[in-house]
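Some notes on the structure that comes next.
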Amino acid sequence: MANEITTVNPVTGEIGEVESRPVSQLVNTLNAKTFEERKAVFNAVNNAQSLDDMKDNKIQIVGVAQTHSVRVDRNTGEEVPCIGTTLVGADGTGYYSQSAGIARSAYNLVSAFGADWPEPLTVHVKVTTLASKNTLKTLVLD
């Protein structure tokens with residue numbers, strides 16, 4: 001049920017139909033219209049630097065773009081499908097991650113704020129070490 005959305009009638013309080021929404025759905029808030037905007041989006045996404053390099057730094061982001069990607073599993077060396085997430089900074093810089101936690105955070109960000117933001121959102125990356133010694137990366141709004 002965690003991936004399902006319900007609607008509530010504001011007048012009667014009745015719960016409407018449950019809509020299944022897969023978390024693996026890709027998001028893209030980069031709605032470039034002009035040729036110059038499209039070039040800027042392409043450069044941000046295509047030349048993004050690693051989000052890991054940002055450490056605890058705060059980033060003002062104006063958009064998010066996700067794509068299907070592949071990463072190499074640390075333990076097996078096999079290729080594993082994943083979601084690649086690019087955060088686009090207010091300065092036009094792209095920040096890329098293949099982290100499932102960052103992908104989920106980006107999806108939740110768009111679910112909460114929609115695709116059109118009236119101003120840049122300031123975020124930083126939170127890294128939590130799990131019992132398995134793996135890390136979980138998430139975005140935190142500042």
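Listing for the model above:
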{"read-out": "Protection proxy ranking, peptides 93-102, 73-82, average beta carbon neighbours within 10 Å, highest first", "value": "93-102, 73-82"}
{"read-out": "Loop trypsin sites (Lys or Arg not before Pro), the stretch 80-133, which have at most 16 other Cβ atoms in a 10 Å radius of their Cβ (DSSP)", "value": "K133"}
{"read-out": "Label-point separation in nm, N31 to D52, each point 7 Å along Cα→Cβ", "value": "3.5"}
{"read-out": "Separation in nanometres of the label points that stand 7 Å from Cα toward Cβ, at R71 and K39", "value": "3.3"}
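Read-outs: derived from the displayed coordinates by stated rules, not from any lab. These numbers come from a predicted model, not from an experiment. Here Cβ is always computed from backbone atoms with ideal geometry, including for glycine, and neighbour counts include all displayed protein chains.
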